[in-house]
Amino acid sequence: MSDSKFGPEASIYLTGEAKVAHLGCRVRPPVKDVIVFVAGTTDPINVKELKAEANATYWEENIFLTTYINEFKKDYCDAHINDQISWSGDNSIQLRKATGEKLKNYLQRYYAGWETFKIAFHFITHSHGGLVVNECTHYAAKDAAFPKNWKVKSITYLSTPFFKEEHKPNLNVFHPDYRIIVVNNKYDLTQRFIANFSMQQ
């Protein structure tokens, strides 16, 4: 999967007035908070042997969560919601790592021109999407070009399986006041019975 296909708008380069108009703000404050949705895997043990298994419809199905976030956005025009992230979703350690790098590259391209802004990223993730975000933090930490003003302020993990050794986040790119929210589901097979992982990191 090439970077140009990572997310529907990954190849869009917006600057200045065009970017402000694209985000739909009536006022023009610098963006302070970016909420990023990252979907997870729908076929955790690759039974169907299909590609493009990221559960992109997960957010549409959870209307209470998305409605709440959209209502929140109406009061905070210095926030941006990015629900355009997509990836294959295949259950593969190598793919999750590669997708973490693509996510880092996507954020740098999409928010190009805002490197001097102090931006706090808030990731809302489902299933293995949380592990993709963890890998993203590693690539951001070791990339000298990744803006030092950009920090991870929060990660919400929804039914994310935490491996004991793989996919741990790199705290060097986290805001000093970061928050981690872990939502477990005792009926989720991905969390409880697949692979060698723990419920906590």
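Inspection of region 167-181 finds no residue satisfying the criterion of being under 14 Å from the mean Cα position of the chain (by Cα), under 15 Å from Ile119 (Cα atoms) and hydroxyl-bearing (Ser, Thr, Tyr). Here Gly89 fulfils each of the conditions (1) in a helix (DSSP H, G or I); (2) in contact with a strand residue (DSSP E or B) (Cβ under 7 Å, 6 or more places away or on another chain) apart from (1).
Screening Thr99, Thr116, Thr160, Thr137 for residues that are of a type in the set (Val, Ile, Thr) and open to solvent by 10 Å² or more (accessible area, probe 1.4 Å) leaves exactly one candidate, Thr116. Residues that are open to solvent by 40 Å² or more (accessible area, probe 1.4 Å), more than 16 Å from Ser154 (Cβ to Cβ) and outside any loop (DSSP other than H, G, I, E, B) within region 61-86 comprise Glu61, Ile63, Phe64, Thr67, Asn70, Glu71, Lys74, Asp75, listed in sequence order.
The values are calculated or read from the model by the stated rules, or taken from the named source; none is laboratory data. The structure displayed is predicted, hence computed values, not measured ones. FYI the Cβ positions are ideal-geometry reconstructions off the backbone, even for glycines, and counts take in every protein chain you see. For the accessible areas, the whole protein counts, side chains as well, though only heavy atoms, and no ligand, DNA or RNA atoms are used. Shrake-Rupley method; radii C 1.70, N 1.55, O 1.52, S 1.80 Å.
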